[in-house]
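What follows is a set of notes on a single structure, which appears directly below.
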Amino acid sequence: MSQRIVFLDRDTIAPDVIVRKPGFDHKWTEHGKTAADEVVERLKGATIAISNKVHLREDVLKQLPDLKMIAVAATGTDSIDLAYCKDNGIVVSNIRGYAVNTVPEHTFALILALSRAIIGYREDVAKGEWQKSGQFCFFNHRIFDLAEKRLAILGEGALGQSVANLARAFGMEPVFAAHKGVDGLGPLYTPWDEVIETADVFTLHCPLLPSTRDMIGLAEFKRMKETAIIVNTARGGLIVEEDLVTALEQDMIAGAAIDVTPVEPPPDDHPFFRLLDRPNFILTPHVAWASHEAIQTLADQVIDNIENFVAGSPSNIVGQY
């Protein structure tokens, strides 16, 4: 039987990345972007859907009786109705292990930019502050070393472990935060309350789940060191965004760098846009994952998952199957 494969959002894969075609009989259709009201029409008759961020919920999926597999071109599957898929025999496969270099490297680029005050000093030079200082350097922004600082890692998976390895190379003390509100997780974990009060740098690498949504808000920021910085390259929604804005505006913490927001791109009235003129805030457009090498690995794994499914040995099946 010939498979009909529809890629709903090819533009989420960089144009210089090769997406090879599967080695079995199939019809391939791809779209750069797919709006919510286009999904059903485009997937009618499809047996396999490829999607990165297009939402596939019950109201859509129940109109697609031919669909047998969803190949998610990402690790996160919060855009997919997994319960419906499980109940109706639709296999969902995701991507794993492709970002173990790119996300940690981006994370440390952001940590270094904040700890070395790169943004502030670059802007000062552009404004002529160096010339005005009359000396070989000036001290408009505080700089701190990473060595001997405590790095709190929220998320103990492959990305968190890779970040910990980089941290040790900088002479930092990486600790894995126990899950908020959970005790007795074992020796790998440092208690949540201790982490919040003692860490110098926080970095988030956990999935967005009901238990992790809004896990860092004003209560946590008030307990952090005033010199602490926080980086989120995981998922929007882990941090209460208005509370982060308040924390920076009231100098509760020293800086923040964010790569993800709940809605992407964020709307024009998003609170983060109030912070863009601040030297201690960085917003990047969800590109921590996006090195060329990582995206090529992702694209190859998408097709591997599809070929394995058709061969009767599906791979990277999302947990509840």
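Assorted remarks:
- Using only alpha carbons, the range 10-130 has a radius of gyration to Kirkwood radius ratio (Rg to Rh) of 1.17.
- Fewest neighbouring Cβ atoms within 10 Å first, the residues Leu185, Leu114, Leu64, Leu209 line up as Leu209, Leu185, Leu64, Leu114.
- On the basis of the beta-carbon distance and an R0 of 35 Å, Glu123 and Lys21 show a calculated FRET efficiency of 0.15.
- At an R0 of 41 angstrom, the distance between the Cβ atoms of Ser313 and Leu112 translates into a FRET efficiency of 0.45.
- Net charge over other residues, Cβ less than 12 angstrom from the Cβ of Glu220 (K, R count +1; D, E count -1): 0
- Highest-first packing order for the peptide set 301-307, 75-81 is 301-307, 75-81, based on the mean count of other beta carbon atoms within 10 Å.
- Amide H contacts of Glu30: Phe7, each under 5 Å away and 5 or more positions distant or on a separate chain (H built 1.01 Å from N in the peptide plane; Pro and chain starts excluded).
- Taking each DSSP H run with n ≥ 4 as -39500 (n - 2.57) and averaging over every residue of the chain yields -8500 deg cm²/dmol at 222 nm.
- Rg/Rh for the range 181-252 (Cα atoms only, Rh after Kirkwood) is 0.95.
- Ranked by the mean number of other Cβ atoms within 10 Å of their residues, highest first, the peptides 246-258, 282-294 fall in the order 246-258, 282-294.
- When the chain is treated as a Gaussian network with alpha carbon springs shorter than 10 Å, the biggest mean-square fluctuation among Gly237, Gly160, Gly134 belongs to Gly134.
- The length gained by stretching the chain between Asn165 and Asp145 to full extension, at 0.36 nm per residue less their Cα-Cα distance, is 5.5 nm.
- Dipole size of the chain about its Cα centre, with +1 on Lys/Arg Cβ and -1 on Asp/Glu Cβ: approximately 540 debye, rounded to the nearest 20.
- Fluctuation leader among Ser133, Ser51, Ser115 - the chain, Gaussian network, Cα springs under 10 angstrom: Ser133
- A straight Cα-to-Cα reach below 29 Å connects Lys21 with the lysines Lys33, Lys44, Lys53, Lys62, Lys68, Lys86, residues fewer than 8 places away in its own chain not being considered.
- Dipole of the chain, positive direction: furthest Cα of Val125, Trp28, His55, with charges on the beta-carbon: Trp28
- Kirkwood-based Rg to Rh ratio, the range 102-283, C-alpha trace: 0.98
- Dipole magnitude (debye, nearest 20) for the range 102-283, charges at Cβ of Lys, Arg, Asp, Glu: 400 debye
- For the chain, modelled as a GNM whose springs connect Cα atoms under 10 angstrom apart, the maximal fluctuation among Gly128, Gly97, Gly236 occurs at Gly128.
Every read-out reported here was derived from the displayed coordinates using simple, explicitly stated rules and does not represent laboratory data. Not measured: the values here are computed from a predicted model. Neighbour counts are summed over all protein chains in view; Cβ atoms, including those assigned to glycine, are modelled from backbone coordinates with ideal geometry.
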